[in-house]
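Trainee: Below is a structure I'd like to ask you about.
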Amino acid sequence: MLRTSIVAALTCATLGYVMPARPAAAQASGLLMPHRAVYDLELKDASERSGISGMYGRMVYEFNGSACEGYTVSFRFVTKVDTGEDSRMTDLQTTTFEDLKNGNFRFLSRSFTDEQLDKEVRGLAHDDKDGVRVELSAPDKKEVDLAESRFPTEHMLDVLDHARRGDTFFESRIFDGSDSGDRTLLTTTMVGKRTKPVAGEPDAAKAGQFAEAEYWPVTIAYYNDDKAGDGLPLYRMSFKLYDNGIIRDLTMDYGDFVLSGKLADLEVFKLAECK
């Protein structure tokens, strides 16, 4: 979301962690709930350096599929940004397909400003014996070999797995096709204790049948995958995570500005059964 530029890969050994095996994620994948969630976005804070005087928008996230047939995600992130002198509308549209069994990830991302296409990124990533190979068809046709990485649904499964085990901190390298589709991101994830909602909690009532369900408070920081980086995250996301992968009450911190995202609508789909 609002992904910024990312640079060159860093080895897992340098970070001091070991990538967990992919089969562990695949075994847990049936626990994810297909759904469509709509979030209202508004500016929570902005520094003078950001040049932003106002910002609001909407985010729509639709998750479908099964562990057997693969998972699809449709994502749209629309914001109206006011600088005090002018305003602009930004629109990020992404669709992905993730096949956990075979280690494949297809992605298509289009970004618009005031309804004019700025950039299109399209490609396929798949597990290779030495890491992840990315075959891009847009913006340029090329192939890139990257270090071993998690794809987005795999990473969510890892977060849930650590949360259930009571782990409070872990690190991962991920590939999600963002930016130009040829870089990886490093992440650190912090998981709080499983918590019951309290009266008046923001957007809990919009969670429908999950309004009173327990959740984990989660914060994920995203970093450049680059030894030459300054060690500061590109951005942080904090949210409340349910056991089925649905999230609400988001805070997105990009350093110079912070957005909040409140669940406005949630539609749960039928769980697909493996045939």
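Trainee: Among the listed residues PRO233, PRO217, which satisfies the condition of being assigned to a loop (DSSP other than H, G, I, E, B), on the phi < 0 side of the Ramachandran plot and in contact (Cβ under 8 Å) with a residue 12 or more places away in the chain? Step through it out loud before you land on a result.
Mentor: Working: PRO217 fails: assigned to a loop (DSSP other than H, G, I, E, B).
Only one candidate passes the filter, namely PRO233.
Trainee: May I ask you to list pairs of residues, at least six apart or on different chains, whose Cβ atoms are under 6 Å apart, with the first in segment 45-73 being without any contact (Cβ under 8 Å) to a residue 12 or more places away in the chain and the second being buried (at least 17 other Cβ atoms within 10 Å of the Cβ)?
Mentor: Correct list of pairs: empty, since none qualify.
Trainee: Continuing with this model, one more query. In this structure, is VAL78 at pLDDT 95 or above and among the β-branched types (Val, Ile, Thr)?
Mentor: Here the answer is yes, as VAL78 does meet what is asked.
Trainee: Can you name the condition, by its number, that LEU186 falls short on among (1) closer than 23 Å to ALA147 by Cα; (2) surrounded by fewer than 19 Cβ atoms within 10 Å (Cβ to Cβ)?
Mentor: Of (1) closer than 23 Å to ALA147 by Cα; (2) surrounded by fewer than 19 Cβ atoms within 10 Å (Cβ to Cβ), only one is false for LEU186: (2).
Trainee: Considering only segment 213-265, state which residues are basic (Lys, Arg) and either under 21 Å from LEU32 (Cα atoms) or in contact with a strand residue (DSSP E or B) (Cβ under 9 Å, 6 or more places away or on another chain) (or both).
Mentor: Result: ARG236, LYS240, ARG248, LYS262.
Trainee: Search segment 122-144 for residues being without any contact (Cβ under 8 Å) to a residue 40 or more places away in the chain and outside any strand (DSSP E or B), and hand back the single one that is nearest to LEU92 (Cα to Cα).
Mentor: ASP140
Trainee: Could you pull out the residue among GLY208, GLY245 that is under 25 Å from PHE75 (Cα atoms), among the small types (Gly, Ala, Ser), in contact (Cβ under 8 Å) with a residue 12 or more places away in the chain and assigned to a loop (DSSP other than H, G, I, E, B)? Write out each step before concluding.
Mentor: Working: GLY208 fails: assigned to a loop (DSSP other than H, G, I, E, B).
None of the others qualify; the one that does is GLY245.
Trainee: What tally of residues in segment 236-257 results from selecting those that are on the phi > 0 side of the Ramachandran plot and surrounded by fewer than 20 Cβ atoms within 10 Å (Cβ to Cβ)? Don't jump to the end; show me each part of the working.
Mentor: Applying the first criterion (on the phi > 0 side of the Ramachandran plot) to segment 236-257 yields 245, 249, 255.
Checking which are surrounded by fewer than 20 Cβ atoms within 10 Å (Cβ to Cβ) leaves us with 245, 255.
Summing the residues that are on the phi > 0 side of the Ramachandran plot and surrounded by fewer than 20 Cβ atoms within 10 Å (Cβ to Cβ) in segment 236-257 gives 2.
Trainee: Sticking with this structure for a sec: Report, by residue number, each residue of segment 260-275 that is of a type in the set (Gly, Ala, Ser) and either closer than 15 Å to PRO202 by Cβ or loosely packed, with under 15 Cβ neighbours inside 10 Å (or both).
Mentor: We begin by selecting, within segment 260-275, every residue of a type in the set (Gly, Ala, Ser); these are 260-261, 264, 272.
Selection gives SER260, GLY261, ALA264.
Trainee: Something else about it: Which of the numbered conditions does ALA211 fail, given that it passes all the others? Conditions: (1) surrounded by 19 or more Cβ atoms within 10 Å (Cβ to Cβ); (2) modelled with pLDDT under 95.
Mentor: Unmet for ALA211, out of (1) surrounded by 19 or more Cβ atoms within 10 Å (Cβ to Cβ); (2) modelled with pLDDT under 95: (1).
Trainee: Please verify whether ASP176 is of a type outside the set (Phe, Trp, Tyr), closer than 24 Å to LYS119 by Cβ, in contact with a helix residue (DSSP H, G or I) (Cβ under 6 Å, 6 or more places away or on another chain) and outside any strand (DSSP E or B), treating the condition exactly as stated. Walk me through how you get there before you give the answer.
Mentor: On the way: of a type outside the set (Phe, Trp, Tyr): yes; closer than 24 Å to LYS119 by Cβ: yes; in contact with a helix residue (DSSP H, G or I) (Cβ under 6 Å, 6 or more places away or on another chain): yes; outside any strand (DSSP E or B): yes.
So ASP176 fits the description; yes.
Trainee: Here is a further query. Looking only at segment 90-101, decide whether some residue is out of contact with any helix residue (DSSP H, G or I) (no Cβ under 7 Å at 6 or more places or on another chain) and at pLDDT below 95.
Mentor: For segment 90-101, residues out of contact with any helix residue (DSSP H, G or I) (no Cβ under 7 Å at 6 or more places or on another chain) and at pLDDT below 95: absent.
Trainee: TYR223 passes all but one of (1) at pLDDT 95 or above; (2) part of a strand (DSSP E or B); which number fails?
Mentor: Going through the list (1) at pLDDT 95 or above; (2) part of a strand (DSSP E or B), TYR223 breaks only (1).
Trainee: Right, here's the next one. Has segment 159-179 got at least one residue that is surrounded by 14 or more Cβ atoms within 10 Å (Cβ to Cβ) and under 25 Å from ASP45 (Cα atoms)?
Mentor: Checked against the condition, which is being surrounded by 14 or more Cβ atoms within 10 Å (Cβ to Cβ) and under 25 Å from ASP45 (Cα atoms), segment 159-179 yields at least one hit.
Trainee: Out of MET252, MET190, which single residue is more than 25 Å from PHE112 (Cβ to Cβ), among the aliphatic types (A, V, I, L, M) and in contact (Cβ under 8 Å) with a residue 12 or more places away in the chain?
Mentor: Numbers: MET252 fails: more than 25 Å from PHE112 (Cβ to Cβ).
Answer to the check: MET190.
Trainee: Shifting gears a bit: What pairs can you find where one residue is in segment 260-275 and modelled with pLDDT under 95 and of a type in the set (Gly, Ala, Ser), the other is part of a strand (DSSP E or B) and loosely packed, with under 12 Cβ neighbours inside 10 Å, and their Cβ atoms are less than 6 Å apart, with a gap of 6+ or different chains?
Mentor: If the second residue must be part of a strand (DSSP E or B) and loosely packed, with under 12 Cβ neighbours inside 10 Å, no pairs are left.
Trainee: If you don't mind, there's one more thing I want to ask. Only one residue in MET59, MET55 is part of a strand (DSSP E or B) and either in contact with a Phe, Trp or Tyr (Cβ under 6 Å, 6 or more places away or on another chain) or exposed (fewer than 15 other Cβ atoms within 10 Å of the Cβ) (or both). Which one?
Mentor: Working: MET55 fails: either in contact with a Phe, Trp or Tyr (Cβ under 6 Å, 6 or more places away or on another chain) or exposed (fewer than 15 other Cβ atoms within 10 Å of the Cβ) (or both).
Of MET59, MET55, the one residue that is part of a strand (DSSP E or B) and either in contact with a Phe, Trp or Tyr (Cβ under 6 Å, 6 or more places away or on another chain) or exposed (fewer than 15 other Cβ atoms within 10 Å of the Cβ) (or both) is MET59.
The values are calculated or read from the model by the stated rules, or taken from the named source; none is laboratory data. All values reported here derive from a predicted model rather than from experimental measurement. No Cβ is skipped: glycine too gets one built from the backbone with ideal geometry, and neighbour counts run over all protein chains shown.
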